[in-house]
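> The structure that follows is given in the form of structure tokens.
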Amino acid sequence: MFMKATLLRGILIVGLLCGFASATAAADLRINAFYGAFKGSGIAENADSLYFGATVRDLDVEIGADTSGRGFFVRWTTVIRSGGDPNNPNVRRKTQSVTFKNTDQTGVYRGEGSGDPLNGAPYIWARISGQTLTVYILTINKSGGYNMQSYARTLNAFGMDLVFSRIRDGEPVRQASAKLTKR
């Protein structure tokens, strides 16, 4: 009888701890949890990757408080190596930076400089869900077609995992995944 009661108590305690851990993990992080500089590399693929291969990308990401203290910035640089001689591939470097401000919705932020996508300006926003900060960029071309890019940055024990996707008019164009370590 004593063994059964002890076993039952042990199972109950483990169950409560697992439930507490799940509830804690499910809570959305605050933006300052993402602050820091991250560096890593990944692979980008598209529909032609089966025939032409994937491209390697080196990535730098910096997230921090903006100068006003009422928002944050995300700055990212992507170095893409593709085409040309395999021993000396073509190299392209692209840097983007966006400052975000709070909105009335908890965990949702508006990108400064966001405009009307129907007038050619991108609409940029970010949101935090659990341990993931996702930045969205929506553009609409002159014929009414759209491009949606998303950069999901999920914190982990070593830094962050990045998943990028680009969709054009509902069709996947490119996907990339990378592992970044905190510097």
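> Can you return the aspartates and glutamates within cross-link range of Lys142? Criterion is Cα-Cα under 17 Å, with same-chain partners fewer than 8 residues away left out.
Asp116, Asp169
> Residue farthest toward the positive end of the dipole of segment 34-183, with Cβ of Lys/Arg at +1 and Asp/Glu at -1: which of Ala121, Trp76, Val108?
After comparing all options, I get Trp76.
> Starting from the Cα gyration tensor of segment 46-146, multiply each eigenvalue by 5, take the square root, and state the resulting semi-axes largest first in whole Å.
Values: eigenvalues 183, 72, 35 Å².
Value: 30, 19, 13 Å, ordered largest first.
> Over its Cα atoms, what ratio of radius of gyration to 2.2 N^0.38 Å does segment 126-183 give?
So the Cα radius of gyration is 1.30 times the expected 2.2 N^0.38 Å.
> Computed FRET efficiency, Cβ-Cβ of Asp116 and Val79, R0 35 Å: what is it to the nearest 0.05?
Efficiency computed from Cβ-Cβ geometry: 0.65.
> Under a 5 Å amide H to amide H cut-off, with H placed in plane at 1.01 Å, what residues pair with Asp28 once short-range neighbours are removed?
Here the answer is Gly130, since their amide H atoms fall under 5 Å of that of Asp28.
> Rounded to the nearest 20 Debye, what is the dipole magnitude of segment 28-182 about its Cα centre when Lys and Arg each give +1 and Asp and Glu each give -1 at the C-beta? Don't skip to the end; give the middle numbers.
Values: 19 positive and 14 negative charges, 53 e Å.
Computed charge dipole of segment 28-182: roughly 260 debye.
> If you add up the charges near Thr103, with Lys and Arg at +1 and Asp and Glu at -1, over every other residue whose beta carbon is less than 10 angstrom from its beta carbon, what do you get?
That sum, taken over residues with Cβ under 10 Å, equals +2.
> Another question about this same structure. Work out the FRET efficiency for Asn87 and Asn156 from their Cβ-Cβ distance, taking R0 = 41 Å, and round it to the nearest 0.05.
After rounding, the FRET efficiency stands at 0.75.
Values quoted throughout were computed directly from the atomic coordinates according to the rules given, and no laboratory measurement underlies them. Given the structure is predicted, the values throughout are model-derived calculations rather than measurements. Don't worry about glycine lacking a Cβ; one is built from the backbone with ideal geometry, like all the others, and counts go over all protein chains shown.
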